[in-house]
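First up is the structure itself, then whatever we jot down about it.
Bear in mind that the values in this text are calculations on the coordinates, not laboratory data. Computed from a prediction, not measured in an experiment: that's the story for all the values here. Neighbour counts are summed over all protein chains in view; Cβ atoms, including those assigned to glycine, are modelled from backbone coordinates with ideal geometry.
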Amino acid sequence: MSPDAIIQMFHVCKAYGRGGRALDDVTLRIDRGDFVFLTGPSGAGKTTLLKLIFCAEQPTMGQIIVAGRNIHRMSSSGVPLLRRHIGVVFQDFKLLAQRTVFGNVAFAMEVIGRPPRDIRRRVTTVLREVGLADKANSLPSRLSGGEQQRVAIARALVNEPAILLADEPTGNLDPALTLSIMGLLSDVNARGTTVVVATHDPLVLDAVPRRRITLTGGRVLTDVG
Amino acid sequence: MVARTHYFLQQALRSMRHAPWVQLVAVSTIGISLLVLSSMLLVLRNIDALSSAWGQQVRLVVFVRAGELDPTRDALKRSLAELPEVESVAVRDREVAFAEFKAALGNDDVLVDGIDASLLPSAIELTLRPEHRNPAALSSLAERVATLQGASAIEEVAYGQDLLEKLSKLRDGLRDLGLIIATLVILAVIFIVSNTVRLAMFARREEIEIMHLVGATAGFIRAPFYIEGAIQGAMGAAVAMALLFTLWRTLSPDGESVLRFELGYLPFEFLPTPIIAALVLGTSLVGIIASHFAVGRFLRGSPSS
Ligand SMILES: Nc1ncnc2c1ncn2[C@@H]1O[C@H](COP(=O)(O)OP(=O)(O)OP(=O)(O)O)[C@@H](O)[C@H]1O
Ligand SMILES: [Mg+2]
């Protein structure tokens, strides 16, 4: 167990119900400050692997250590606390339609009980970082897809997580927006956050030369970079 | 802590404002169910008041066998006077009783012409100390009197027990009925609140999903819904109290705690404050329990919990 490792998996298997294995004997290690692509064909197990990291699913077998915590031995009250160290971004943004950009980002701080004064200051900073300072009072429906994904990224970052997980973050975006979102994720990584991006979009993979873990049929096929 | 409670309350009220008609239906249904239950409590309470009022007026009368000699009677009187519950003892003399009897019959003297005063029983009237003027104390005292020394001279102990017993039977019957009604009302409140809370959670399912994702604790996610359940329960109970009070004022327009009739009056008190408080708090507690069921069921079905 390396002191630099922030995510470690040992012989992890995951089967949904009685179906086949979505993940099969996966062992990997991601260090603090890494930027990692998780790739592979549809159904390879990328989403499943991310879900195991933020405890949305439990492994059928094997050990997973995230930010120093063994998630197998974690109590149900430990899950929320672990998730405060992990930001998650999805293809479909998951923004609240009736809240403004500011409201959506602030929500992530409100619901973990942060005081309003901290929220105002921190949300303003994050919105500036993702380039949306001037859209703070807009509703998500008035934003482009790229802007909406920036809001989702701001929300994922607002509690200063050590890890940012992104599942097909550019799946709904055109090439220009895709490149700008990837640029933003690189910036986030440059500020010290460990970033894991699941994608099968070649444009994304070629945009930034990074470590690339390729899954096929639930197994790690290659791990390069 | 205060800030957090304020936040939960705000969230709960926001969620309730979101579906005002659902809230209105829920609160008025709870209110009507509780009105039934609290009317029952009002009746029970006044039966209690009635029996204790009667218990206060009633005296224990010990009838001494006709033909017993005066010394026996006087000895009995002394031992009755020594009983701790007894405040005073008075002998109603045969002759006096006979005279009263005759007077009551008016001009029909012929009816009593053949009767000798000594054939009438004499009676000892016991007045109880105020703290013992209640049906329970009366009946236990009556039992004890029968075991006193010289009790063989007693023909009968009377304190209006028939009436008090009838009243207490009625009271017990109503209490059993009340328990059944209370159970039904609790089930109804649980049904109503858990369904409205489930609707509220469904309306906020996206927020709940994000709360899970960003690491909100279970308590943080649940608290607003518990508060919603508590508010619904308390408001329902408050509506019931308001309706019951209106009803009470209508029946007793002077705001008096008695109903007056030609021949007398019946006690008609409103529910005492502790009972009102217990109803309101109890219903909001049932509301919280109902929310707990709804929240648990909803969250078990959610993917990222
Ligand atoms: N909730 C679930 N229940 C049952 N089976 C599932 C579930 N989620 C995923 N699977 C199965 O697990 C396997 C891996 O799915 P996963 O979503 O992890 O793949 P993926 O690599 O993310 O694919 P995609 O690129 O299409 O998003 C698939 O065979 C899928 O059908
Ligand atoms: Mg996927």
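Figures for the structure shown
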| read-out | value |
| --- | --- |
| Longest DSSP-loop-exposure-free segment, GluC sites (Glu not before Pro), chain B, at most 12 other Cβ within 10 Å | B:83-255 |
| Residue pairs, from the table A:Lys46/A:Lys94; B:Lys77/B:Lys166; A:Lys46/A:Lys135, whose Cα atoms sit over 28 Å apart | B:Lys77/B:Lys166; A:Lys46/A:Lys135 |
| Amide H partners (placed H, <5 Å) of A:Thr216, local residues excluded | A:Leu221 |
| For A:Asp24, net neighbour charge (Lys/Arg +1, Asp/Glu -1) across residues whose Cβ lies under 9 Å away | +2 |
| Label-point separation, A:Asp4 to B:Glu95 (7 Å along Cα→Cβ), nm | 12.4 nm |
| Distance (nanometres) between label positions extended 7 Å along Cα→Cβ at B:Leu299 and B:Asn195 | 2.4 nm |
| Most fluctuating residue given options A:Ala133, A:Ala198, A:Ala106, as computed from a GNM of chain A linking Cα atoms under 10 Å | A:Ala133 |
| Share, in percent, of DSSP beta bridges within the protein assembly as shown that are antiparallel, nearest 5 | 70 percent |
| Computed over chain A, the ratio Rg/Rh where both radii use C-alpha atoms and Rh is Kirkwood | 0.96 |
| 0 to 90° range, to nearest 10: angle between helix B:20-57 axis and chain B longest Cα axis | 10 degrees |
| MRE, 222 nm, helices only [DSSP H, n ≥ 4, -39500 (n - 2.57), over chain A, to nearest 500] | -9500 deg cm²/dmol |
| Positive minus negative residues near B:Glu131 (Lys, Arg vs Asp, Glu; Cβ under 11 Å) | 0 |
| Chain A: most fluctuating residue of A:Gly145, A:Gly43, A:Gly87 per GNM, C-alpha cutoff 10 Å | A:Gly43 |
| Separation of the B:Ser140 and A:Asp174 label points, Cα + 7 Å toward Cβ, nm | 9.2 nm |
| Where Rh is the Kirkwood radius over Cα pairs, Rg/Rh for chain B | 1.26 |
| FRET efficiency for B:Thr250 and B:Thr273, using Cβ-Cβ distance with R0 set to 22 Å, rounded to 0.05 | 0.60 |
| Low-density loop cleavage sites - trypsin sites (Lys or Arg not before Pro) in segment A:1-94, where at most 14 other Cβ are within 10 Å (DSSP) | A:Arg18, A:Arg73 |
| Viscosity 0.890 mPa s, 25 °C: Kirkwood-radius Stokes-Einstein D of the protein assembly as shown over Cα pairs, µm²/s | 82 µm²/s |
